[in-house]
Amino acid sequence: MKNVVLKLSARDLVHADLASCGWAGSDHHLAGVAGQLERARTGEVDYLAICPATDIPVAKGGIDYQIKEGVGTLWQLAVHPALQSCGIGTFLVEAAERRIRSRGLRQAELSVEESNPRARALYERLGYAAYDRRPDSWDEQAPDGSLRRYETMCTLLRKELS
Ligand SMILES: CC(C)(COP(=O)(O)OP(=O)(O)OC[C@H]1O[C@@H](n2cnc3c(N)ncnc32)[C@H](O)[C@@H]1OP(=O)(O)O)[C@@H](O)C(=O)NCCC(=O)NCCS
């Protein structure tokens, strides 16, 4: 096996990226992300793209500053499936934490489905601690384009940023 080093950088996700983000979810999900980019314009959220030298996103995730006052809430984190478990998710979370700190805030939160222990273990390794659980739901798009309500239970985690 040969190791390859990828030089990654974090920047704002923009509308033109969405055409190459099909790996991140359905058309319905990407339409929702497009809506979030409008909120990013007014500063309510940051939406990050993690890119190698090609400048094509291999990971993306949002930070919502309106869920709780004084808190950056990470959500919609995703790494290209072909590149998971290489450290890119860690890079994405650390970039998001830098964005939160650059706004003078010191608290980060996120929620993770109870059915996703691997993601939870990653967040705990990065210093997030569980403090509550809560049901959540959102629309999921089937391959035939139809939407159905998906209901799940999530663990809420938080971290004090140094
Ligand atoms: C959850 C998610 C964002 C994490 O991103 P990731 O890039 O896979 O995360 P990392 O690579 O930083 O860390 C995850 C794993 O890689 C390992 N790892 C990290 N850096 C590594 C490296 N340089 N070399 C080898 N392995 C590494 C970690 O030990 C960890 O191990 P695990 O597979 O046992 O969990 C990503 O897997 C994903 O998009 N999953 C699908 C969507 C999802 O679940 N989103 C989260 C919703 S809350």
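Since every read-out is calculated from the coordinates, none of them should be taken as a lab result. Note that this is a predicted model, so its numbers are computed, not measured. Don't worry about glycine lacking a Cβ; one is built from the backbone with ideal geometry, like all the others, and counts go over all protein chains shown.
Structure summary
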read-out: Unit charges on C-beta of K, R, D, E only; dipole of the chain, Debye; value: 620
read-out: 5 angstrom amide H check on His80, placed H, neighbours 5+ away; value: Ala59
read-out: Rounded, prolate or oblate (a/c below 1.5 giving rounded, otherwise prolate when a/b exceeds b/c) for the range 63-119 by Cα gyration tensor; value: oblate
read-out: Alpha carbon centroid spacing (whole Å) that separates the range 75-122 from the range 141-162; value: 14
read-out: Structure-based [θ]222 nm, the chain - -39500 (n - 2.57) summed over DSSP H runs of at least 4, per residue, nearest 500; value: -7500 deg cm²/dmol
read-out: GNM top mover of Ile67, Ile50, Ile88 - the chain, alpha-carbon springs below 10 Å; value: Ile67
read-out: Relative contact order (percent, whole number), the chain, Cα cutoff 8 Å, 6+ residue spacing; value: 18
read-out: Label-to-label distance, nm, for residues given as Ala129 and Ser162 (7 Å Cα→Cβ offset); value: 1.5
read-out: Full-stretch length increase - Ala82, Asp139 - with 0.36 nm per residue and alpha-carbon distance subtracted; value: 18.0 nm
read-out: Estimated FRET transfer efficiency (Val5, Ala119; beta-carbon r; R0 41 Å; 0.05); value: 0.95
read-out: Convex hull of the chain built on C-alpha atoms - directionally averaged projected area, nm²; value: 10.6
read-out: Computed label-point distance, nm, for sites Arg149 and Ser26 using a 7 Å Cα→Cβ extension; value: 1.5
